Every structure is written in structure tokens, then in C-alpha cells.
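Trainee: Before we start, here is the structure in question, set down as C-alpha cells.
What follows is calculated from the coordinates using simple rules that are stated; it is not laboratory data. Keep in mind that this is a model prediction, so the values were computed, not measured. Counting neighbours? That spans all protein chains shown, and the Cβs are built from the backbone with ideal geometry, glycine included.
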Amino acid sequence: MPSTDTALASAVHDPDGNLVAAVERLSTPLTDMFSRIALNVSDASAPALVEAVRSLRGAKVVVHPANEATIGKARRDAVRLALDCPTILLSDLDHLLRWIEHGGTNLANVLQDRPDLDFLVVGRSARALSAGPRRLQETERLVNHIYTLMTGKSWDLMFAVRRMSSRAAATIVTQSTVDTLANDVEWPLLARQAGLSVGYAESDALFYRAIEEFGAPADTGDDDPLQWIRRLEFAGLMASAVRPFLKEGRYSSPSRANSLAITSEPASSFAPRSGGASCGRR
């Protein structure tokens, strides 16, 4: 039986099958952790990867056309697959596999932390961020700074890990209009706008690798000018997604912060999950 009544929702794009060995190696802790695994896999992913995820206990797998411009839509459609579950964790599959392998206890704690929250942004700790690639640090801090100016919350937004209640998930699925990976910033702002309770947790166990370097001991992209350009382009997408929320009434400035946008409790303080209807295995 899974240790939580939380579903995993993930959009997956792995043309070279870099995740296959990890999916097979970590299948037991992965399926023990989640009551359902809802995966939206790109049609460019390796057949071996598709076979590996379809074989996971409790997996519900659909396929979408590969397109970097619609990553946000693919994530939204993955969440849609699990709407009947009381709690959903959205995470890119490669991030989630590393989290299980390098910080499984921390992941379990985050899944149980403050169960009454509708929407939990999970980010990297300051230590994890400082150990990450320089191109991510320098571009992502600009996006995080804009969010801080808008909300008064100093959060790490661009790691695409979100835990949400079924109510928050329904809000995202029905109201999100951003189809790009800039859903990283749109979703928390949508949740705030809807009056849902929004909070934050962070982890030392989250760290970045490009999918092509999954399992590599270190990132090598900082020496490639194209990778810097791509990160600047991603930051631009985030800025464009945030701009509509600057209209009057769509956000709270630090001086009139939304009382529902609460900050994380100390990492050592975790509340047990409350009961609720089970979404079960499919």
C-alpha cells in the first residue's frame, strides 16, 4: 500500500531513455510513495521509457506531441489525469527520481507537511541553489525577485515541484492559460488569486541536471553559450506570464500581502496528513 494518498503527476520527455534504469531501479519506492502515478509522456520519448513507466504499479499513462513550447500544457494535462485524487504532487520525473534516491525521507515529509494547505510550492534550499549551475542562479533570481516584489514571498519558483489539493488542481486545470514552462510562476499566482491557501517548503535534496545528463556527477552546461541563452529565454517567458497579474486587484504587494499566502514552517516541523477519500490504484 502507498504511504500517502497522494498522486504523482508528471510530464515526461526522454528521447534517449536516460531515465529507464532509474525508473526500473526505483520502481518500488516510487509506487510505495504514491497512490497513483499520472504520466503524460511525449511521443518523442524512447520506447523503452514508455514501457518502463507503463509497467509501474498504479500508473496511468497518456502521450502528447513533443513540443517545448507546450510543456505547461503537458503538465496541466498530467494533473487532469489525477483530479479525483485528494492530493497531487506535480514534479518532472527526473527531479522526482533524484529526490527519492538522494532524499526520500525529505520527500515523504514534504508530502505530509501542513495537509490543510491548498497549494505548496516546493523549492531548493539556499544551499542547494548555491551549488547549482551559475546560469540558473543568475537568471532565476530575477524571476524570484519579481515574485518577491509582487507578493512579499522570497521563494524558489523555477523547479516545477508543486503539491496541491484537489480544489487547487481543479483551479489550475480550468483557469491556467499559460502553455509554456512559465506555468512555474502562473500557477502559484492563480492559486493566490483564487483565494486558496498557498505556502512554501524547501529541500536540500533537490538539484538540477539536464535530462541529457541525468545521473551525471556534475552539470556541464555553464560553458555552453546556447544554454545561457535558453535560460534567459525561459526567464523572459516567466516575465511575460507574470505581467497580466500586475493589473489592479490581481496580486498583493508586500504592504498589503494576501493573508492566505503563508510561508513555510521550519523544515523540522511536519504535521501528519489528515484523512480523506482515496483515489486508489488504476
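Trainee: With unit charges on the beta carbon (Lys/Arg positive, Asp/Glu negative), name the residue among Ser55, Leu96, Thr70 whose Cα is farthest towards the positive pole of the charge dipole of segment 12-119.
Mentor: Ser55
Trainee: Follow-up question, since we're still on this one. Quick one: which residues, 5+ away or cross-chain, put their amide H under 5 Å from the amide H of Val12? H built at 1.01 Å from N.
Mentor: Asn40, Val41, Ser42
Trainee: Calculated from the structure, semi-axes √(5λ) of the Cα gyration tensor in Å equals which of [x] 32, 26, 17; [y] 26, 23, 18; [z] 41, 20, 16?
Mentor: Given [x] 32, 26, 17; [y] 26, 23, 18; [z] 41, 20, 16, the structure-derived one carries the label [y].
Trainee: Follow-up question, since we're still on this one. List the aspartates and glutamates whose alpha-carbon lies under 18 Å from that of Lys153, not counting same-chain residues fewer than 8 positions away?
Mentor: Within the straight-line cut-off, Lys153 pairs with Asp118, Glu140, Asp184, Glu186, Glu202, Glu265.
Trainee: Then there is this: Got a sec to turn the phi values of segment 157-166 into Karplus ³J(HN,Hα) couplings, 6.51 cos²θ - 1.76 cosθ + 1.60 with θ = phi - 60°, whole Hz, x for Gly and Pro?
Mentor: 9, 9, 10, 6, 10, 9, 9, 9, 6, 4
Trainee: Between segment 225-239 and segment 1-30, what is the separation of their alpha carbon centroids in Å?
Mentor: Cα centroid of segment 225-239 versus Cα centroid of segment 1-30: 28 Å apart.
Trainee: Enumerate the amide H contacts of Glu202 below 5 Å, restricted to partners 5 or more residues apart or on another chain; note that Pro and chain-start residues carry no placed amide H.
Mentor: Gly123
Trainee: In what sequence, highest mean first, do 17-25, 5-13, 163-171 appear when ranked by Cβ atoms within 10 angstrom?
Mentor: Values: 17-25: 17.7, 5-13: 25.2, 163-171: 21.7.
Ranking, from highest mean packing down: 5-13, 163-171, 17-25.
Trainee: Once you list every other residue whose beta carbon is under 14 Å from the beta carbon of Thr174, what net charge do they have if Lys and Arg are +1 and Asp and Glu are -1?
Mentor: Net local charge, Thr174 excluded: +2.
Trainee: Hey, another quick one. Which stretch or stretches of segment 111-137 have amide N atoms under 15 Å from the point lying 7 Å from Glu213's Cα along the Cα→Cβ direction?
Mentor: 129-137
Trainee: What shape does segment 56-181 take by its C-alpha gyration tensor, where a ≥ b ≥ c are the square roots of the eigenvalues and a/c under 1.5 counts as rounded, a/b above b/c as prolate, and the rest as oblate?
Mentor: It comes out rounded by the Cα gyration axes.
Trainee: What value, in deg cm²/dmol to 500, does the helix sum -39500 (n - 2.57) over DSSP H runs of n ≥ 4 give at 222 nm once divided by the residues of the chain? Walk me through the intermediate numbers first.
Mentor: Values: 10 runs with 113 residues, N = 282.
For the chain, the value works out to -12000 deg cm²/dmol.
Trainee: Can you compute log10 of I(q)/I(0) for segment 1-103 with the Debye formula, treating each Cα as one identical point scatterer, at q = 0.17, 0.18 Å⁻¹?
Mentor: Reported log10 I(q)/I(0), two decimals: -0.69, -0.78.
Trainee: Sum up the charges of everything whose Cβ sits under 13 Å from the Cβ of Lys73, counting Lys and Arg as +1 and Asp and Glu as -1, but leave Lys73 out. Before the final figure, lay out each step's value.
Mentor: On the way: positive: Arg75, Arg76, Arg80; negative: Glu68, Asp77, Asp179, Glu186.
Around Lys73, the surrounding residues sum to -1.
Trainee: Oh, and also: Report, in debye and to the nearest 20, how large the dipole of the chain comes out about its Cα centre when Lys and Arg carry +1 and Asp and Glu carry -1 on their Cβ.
Mentor: Dipole about the Cα centre, nearest 20: 960 debye.
Trainee: Hey, for a label at Leu226 modelled as a point 7 Å past Cα toward Cβ, could you say which residues of segment 37-73 have their backbone N under 18 Å away?
Mentor: Zone members listed by number: 67-69.
Trainee: Got a sec? Charge dipole of segment 136-229, +1 on Cβ for Lys and Arg, -1 for Asp and Glu; which of Val198, Leu136, Leu226 is way out at the positive end?
Mentor: Val198
Trainee: Provide, for q = 0.11, 0.15, 0.25 Å⁻¹, the log10 of I(q)/I(0) from a solvent-free Debye sum over equal Cα point scatterers in segment 161-247.
Mentor: These q points yield log10 I(q)/I(0) values of -0.43, -0.75, -1.23.
Trainee: Something else about it: Give the separation of the Cα centroids, segment 77-144 to segment 196-218, in Å.
Mentor: 6 Å
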